[in-house]
Amino acid sequence: MQGTRVSQLSVSFQQAASRLTTRNAINWLEHQPVAAHGLGWLIALFTLPLSSGLVGRIIKDRPWLVDYDAYACAADTVGKGLSPYSLTPFCDGMNATPYVYAPQIAQVMAPVVETLGHDLSKTLYLLILGAALTFIGWAGMIRAFPKASPLLRIPVYAVLTGSSIASGNIGIILHALILLTAFDLDRRRWPFVAAVIFGALFKPTLLTCLLVLLYQNRPLKDRILGGAVSGVLGVGAYVLLMKTAGGLSDDWRTSLQQIVMTDQPGIGFFSWMAWFDLTAQSPVAVALAAVHTALIAGAGFLMVQFGRLTNMERIIFGLGVAQLVNPRLMDYDILYIAPCLVIMVSLCRQAGRRWYNALSWVLLALCSLILFINLWDANALPIIPMSGLAFEMVMLFSCGLLLWVRRHRFMQTVRDIPLPAFRPPVPVTAAE
């Protein structure tokens with residue numbers, strides 16, 4: 001009797017698995033009531049964590065654009081000849097968070113804020129921020145792959161929360177600037193490299209965006225050389241910034257160590273280290289972060305090398321991978337990850353429809369779980385760090401699947417790698 005029940009369960013499981021691999025999640029969503037009444041309802045559903053977070057901030061009268069206030073307060077403090085680095089900054093009319101950027105940035109902003117005034121400069125910042133968000137949304141979800149079904153794109157927005165937008169972090173504007181210059185990468189690379197280096201003066205982790213140069217559809221030597229030179233220029237620019245910080249250099253470094261690395265390790269790799277009682281500054285965490293970066297960046301490289309992607313898809317995919325390898329990923333950095341996931345799943349179509357169908361269900365289930373937990377209780381689980389880890393597992397599986405399908409081409413590529421010829425040493429004979 002018990003064996004019969006086990007057999008029935010096994011048959012039911014096989015039937016369910018067969019249905020999941022013969023019908024993808026997009027087809028299923030098309031027949032659901034929420035989608036049948038228009039895409040607007042589906043968008044509203046999967047952006048509930050974002051919209052409810054913004055509405056809740058309004059109802060609770062919580063501050064907005066605190067990142068701008070940090071810059072403005074630091075500029076005002078520097079203008080008075082004081083250090084902008086304080087754990088409890090205070091400026092009239094502002095809700096400033098601790099300032100952690102280079103003192104030169106506050107010194108440049110000081111005359112701008114003084115000339116325009118706090119209200120006008122904040123309004124201009126808000127307009128630029130809104131334009132940046134609109135541009136990233138359009139470029140990442142429409143321009144990158146106009147033929148992809150919107151039912152595949154929409155669920156990934158469940159990972160966004162209100163805090164990722166309401167803080168008004170300058171990282172969003174810098175991401176938009178980098179993306180804007182990336183559109184012209186096929187013709188010229190220097191505007192993109194300049195934009196990344198400029199962004200790195202604010203946030204050095206943006207140097208990971210130079211991975212895009214390795215993912216382009218160019219000769220391999222050209223990609224490696226361009227990426228290496230750009231990386232050296234970027235690191236050199238940030239080192240120069242630190243060397244010219246003047247008398248505020250020590251305060252800045254203390255702020256970076258205490259706030260950036262200790263109190264705010266982000267939602268990426270460094271946040272996972274807390275699960276093992278490791279800090280972001282520990283040698284073990286730093287070494288593992290390097291391994292993690294090499295693993296994810298390498299997997300992304302193999303996917304663009306052996307998958308069939310358009311030039312624009314390569315750029316969007318590269319920018320998304322650049323965020324995944326960022327060990328100090330922040331919530332405002334995940335805007336690129338959404339379209340990157342869509343490209344990952346779409347690549348699996350090249351492995352056969354059954355694999356594509358299965359991965360589409362995995363993506364929908366993952367996004368639905370994120371949506372549920374975000375709405376149930378944002379603090380119940382570290383859902384955003386766990387989401388990043390889950391996305392990387394999907395990426396590694398997709399990479400392995402793609403390499404298996406392209407295994408003959410992959411092995412031929414490995415065999416074609418030029419290796420230095422081995423010449424056995426010539427024996428030295430004794431002179432007669």
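The values are calculated or read from the model by the stated rules, or taken from the named source; none is laboratory data. A quick note: this is a predicted structure, and the numbers were derived from the prediction, not measured. Don't worry about glycine lacking a Cβ; one is built from the backbone with ideal geometry, like all the others, and counts go over all protein chains shown.
Below are the figures for this structure:
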read-out	value
Of all residues making up the stretch 166-199, the number that are acidic (Asp, Glu) and under 18 Å from residue 132 (Cβ atoms)	1
Restricting the stretch 146-160 to residues that are more than 27 Å from residue 192 (Cα to Cα) and buried (at least 20 other Cβ atoms within 10 Å of the Cβ), the residue that is modelled with the lowest pLDDT	151
So residue 314, is it buried (at least 20 other Cβ atoms within 10 Å of the Cβ), within 18 Å of the chain's Cα centre (by Cα) and modelled with pLDDT under 90	no
Some residue of the stretch 200-212 being more than 24 Å from residue 270 (Cα to Cα) and touching a residue at least 40 places away in the same chain (Cβ under 8 Å)	no
Test: residue in the stretch 326-344 that is hydrophobic (A, V, I, L, M, F, W, C) and either more than 20 Å from the chain's Cα centre (by Cα) or farther than 23 Å from residue 175 by Cα (or both)	no
Among residues of the stretch 252-285, those that are surrounded by fewer than 15 Cβ atoms within 10 Å (Cβ to Cβ) and not in a loop (DSSP other than H, G, I, E, B), counted	10
Qualifying residue in the stretch 332-346 (condition: outside any helix (DSSP H, G or I), over 14 Å from residue 139 (Cα atoms) and either touching a Gly at 6+ places or on another chain (Cβ under 8 Å) or at pLDDT below 85 (or both))	yes
Those residues of the stretch 79-100 which are free of Cβ contacts under 8 Å to residues at least 40 places away in the same chain and of a type in the set (A, V, I, L, M), in sequence order	82, 94, 96
Yes/no for residue 308 being under 30 Å from residue 30 (Cβ atoms) and part of a loop (DSSP other than H, G, I, E, B)	yes
The lone exception for residue 404 - which of (1) surrounded by 12 or more Cβ atoms within 10 Å (Cβ to Cβ); (2) at pLDDT 85 or above it fails	(1)
Which listed residue is free of Cβ contacts under 8 Å to residues at least 24 places away in the same chain and either of a type in the set (Lys, Arg) or not in a helix (DSSP H, G or I) (or both), from 354, 349	349
Members of the stretch 145-194 found to be aliphatic (A, V, I, L, M), over 17 Å from the mean Cα position of the chain (by Cα) and in a helix (DSSP H, G or I), listed by number	151, 152, 154, 166, 193, 194
Matching residues, the stretch 205-251, being basic (Lys, Arg) and either touching a His at 6+ places or on another chain (Cβ under 9 Å) or in a helix (DSSP H, G or I) (or both)	221, 223, 243
Helices (runs of 4 or more DSSP H) fully within the stretch 45-124 counting 2 or more residues that are modelled with pLDDT of 85 or more and of a type outside the set (Gly, Ala, Ser)	66-79, 103-116
